[in-house]
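What follows is a short report on a single structure.
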Amino acid sequence: MIRRTTTILVAAVILGALPVLAEVKVRVVHGSPDAPPIDVQAGNNQAFSSVTFKKVTDYVTLAPGDVTFEVYPARETRQLVTKPFISATATLSENTQYTLVALNKFAKIEPLLLIDDIKPEAGKARIRLVHASEDTPAVDVGIKDGSIVFKDIPFKKATEYVSVEPGTYTFEVRPTGSKNVLLNVPDLKLEAGGVYSVHALGLMIQPGTRAPEITAILSTDARPGEVQPDAPPAATVPAPDIQTPGGTTPAPATEPPTGITPAPETKPANPPPTP
């Protein structure tokens, strides 16, 4: 009994002395409104399965370095399709989190690679906007009856994260410079120390079509307490270019923080009544 315990302790000491392997974390957002569910391979491994439109996956862990992402129809719908409809290679930096967005209509589907800067700010929530709605014009996003948080954000652009007071918000998505509301985004609960993304997906309502209308999905990029404030910084923004067979898809431009830290609404937001 004593010998067995000693062996375990020695093994634990040896393992504890090993260096921690560098890693990256990647998740996928399916933002192509008319594309089927997708499978995503990272290198030779299938990393994500049957991801449906509007789905934000959990993060998976990959090794840093050059990684080729291939996107196929989900296996159950693949039939005779053998070639991926996205094949893209990016250099992933260690100790960094990424979001890979499949966006645009299926006929023009393309990848957008984002760096998720998940370092928290004490006493604040951090949030960004990802504009992935193809036919929606550049938008302003503001708090209902309050300040504009993101201004003039076009399709395929992700803002930098901005800091806001924790609380429950209703955001309004409006065409840039307009007071007309394209989309209400109610009941966004943002906690101190949390890091979040709002993904604008779908299409504007088009008469005579069955296209999914524009919607917004809130994802949690880091939960409160999940990342320490003194964690190493993420890789340099913007994200690296992602290489496709047709050429280079540039990394998204980023919007500098506005410096606005609006106070939350005092009452919980309610969704607008259904017509």
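For this structure, a couple of remarks:
- For the stretch 30-102, the orientation-averaged shadow of the C-alpha convex hull comes to 4.7 nm² (one quarter of the hull surface).
- Amide H to amide H distances under 5 Å link residue 182 with 173, 174, where only residues 5 or more positions off or on other chains count and H is placed in the peptide plane.
- Only alpha carbons enter this Debye calculation for the stretch 21-242, each as an equal point scatterer, and the log10 of I(q)/I(0) it gives at q = 0.07, 0.09, 0.14 Å⁻¹ is -0.22, -0.36, -0.88.
Quick note: the coordinates plus some simple rules give every number you see, no bench work behind them. The structure displayed is predicted, hence computed values, not measured ones.
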